[in-house]
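Note sheet for the following structure.
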Amino acid sequence: MARCSFCKHTLEPATGTMYVKTDGTILYFCSMKCEKNLLKLSRVPRYTRWTKGFEKGTANGQQPTAKSKESIAKSQQPARLEKPAEKLQTTNNKPQTSAKEKK
């Protein structure tokens, strides 16, 4: 059984499309969506969320680990700007003074 060259789904016999490039490379596609994403739009399956190769490590045939899933989730969250320490310590626009300065 062949696998789709883009999304890595297994193809049933007598289904899908076989595309032969001029250099002799054979590509199999399960749908027109996969064919257009790879050939026309030049998308990489690793960066396309709906493909099986999206998770880290699955493109090489390895199972993703819990660490890799966490790192993917962290990388997808928007970055937050951290506030300087001085602003966090102030209340009511008055800077905090240490015990040494009060005496």
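The values are calculated or read from the model by the stated rules, or taken from the named source; none is laboratory data. The shown structure was predicted, so the numbers you read here are calculated from the model rather than taken from an experiment. With ideal geometry, Cβ positions are generated from the backbone for all residues, glycine too; neighbour counts draw on all protein chains shown.
Kindly provide the set of residues from the stretch 16-33 that are closer than 19 Å to Trp50 by Cα and aromatic (Phe, Trp, Tyr), ordered by number.
Selection gives Tyr28, Phe29.
Of everything in the stretch 3-15, what is surrounded by fewer than 19 Cβ atoms within 10 Å (Cβ to Cβ) and closer than 16 Å to Thr51 by Cβ? Give them in sequence order. If you could, list the steps in order and put the result at the bottom.
Step one: of the stretch 3-15, the residues surrounded by fewer than 19 Cβ atoms within 10 Å (Cβ to Cβ) are 3, 8-15.
If the condition is that a residue be surrounded by fewer than 19 Cβ atoms within 10 Å (Cβ to Cβ) and closer than 16 Å to Thr51 by Cβ, then Arg3, Lys8, His9, Thr10, Leu11 are the ones that fit.
Hey, any hits in the stretch 53-67 for a residue that's within 19 Å of Thr10 (Cβ to Cβ), modelled with pLDDT of 85 or more and out of contact with any Ser or Thr (no Cβ under 9 Å at 6 or more places or on another chain)?
Taking every residue of the stretch 53-67 in turn, none turns out to be within 19 Å of Thr10 (Cβ to Cβ), modelled with pLDDT of 85 or more and out of contact with any Ser or Thr (no Cβ under 9 Å at 6 or more places or on another chain).
Starting from residues that are assigned to a strand (DSSP E or B) and of a type outside the set (Val, Ile, Thr), keep the ones in the stretch 16-28 and report whichever is surrounded by the most Cβ atoms within 10 Å (Cβ to Cβ).
Tyr28
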